[in-house]
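The values are calculated or read from the model by the stated rules, or taken from the named source; none is laboratory data. Since the model is a prediction, treat every value here as computed from it, not as a measurement. Cβ: placed from backbone, ideal geometry, glycine included. Neighbour counts: every protein chain shown.
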Amino acid sequence: MNQAGQFISEAIVPDAGTFDASAMAAGMPGLPTGFVWRDRHYHIAEVLEEWKASEREHHRRGETYYRKHYWRVRVDTGEVMTLYAVRHVKVGENPRKRWWLRSIEWAPGERPPQNA
C-alpha cells in the first residue's frame, strides 16, 4: 500500500450511477468511474492498488470490520490519487462525506487547483 504524495483529506463527489456493481454485490464499496474534486471532474483511468483498513468492533465479539476501503488510481489528467470510501458514516457525520481524496501525486508540470 503506497501512501506517497501530498496529503489532501477532502471529500469528493463520485459520479452517480457509475459504482462497481460486482464489488457492491460482494458487500464492499464499489469504486465509481469518476468524481468531482474542487469543481473539477476526474475520470479514473486505471486502478493501481486496492486495500482495506480494519477496526475492531468490540460489540460484535471482536470481529474484524473493514471500515475504510482504499484505491490508488491514475486519473485521466495523469495524477495518481489515493481515494477511500468509509463503509458506514458515524452518527452525527454528514452522510454525503463517504468518499474521500486522501492524497495526490501531481503529474509533471501540474499545479494543485485552488480551494473552491
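Return the pair list, or none, for Cβ contacts closer than 7 Å from residues in segment 72-86 that are surrounded by fewer than 19 Cβ atoms within 10 Å (Cβ to Cβ) to residues that are basic (Lys, Arg) and part of a loop (DSSP other than H, G, I, E, B), at least 6 apart or on different chains.
Listed by first residue and then by second, the contacts come to Val86/Arg98.
A quick yes/no check of all residues on (1) modelled with pLDDT of 90 or more; (2) under 18 Å from Glu10 (Cβ atoms):
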position	(1), (2)
Thr33	yes, no
Trp37	yes, yes
Glu57	no, no
Thr77	yes, yes
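I'd like to check something: does segment 40-48 contain any residue that is touching a Ser or Thr at 6+ places or on another chain (Cβ under 7 Å), surrounded by 16 or more Cβ atoms within 10 Å (Cβ to Cβ), at pLDDT 95 or above and farther than 16 Å from Ala11 by Cβ?
Within segment 40-48 (the criterion being touching a Ser or Thr at 6+ places or on another chain (Cβ under 7 Å), surrounded by 16 or more Cβ atoms within 10 Å (Cβ to Cβ), at pLDDT 95 or above and farther than 16 Å from Ala11 by Cβ), the answer is yes, since at least one residue qualifies.
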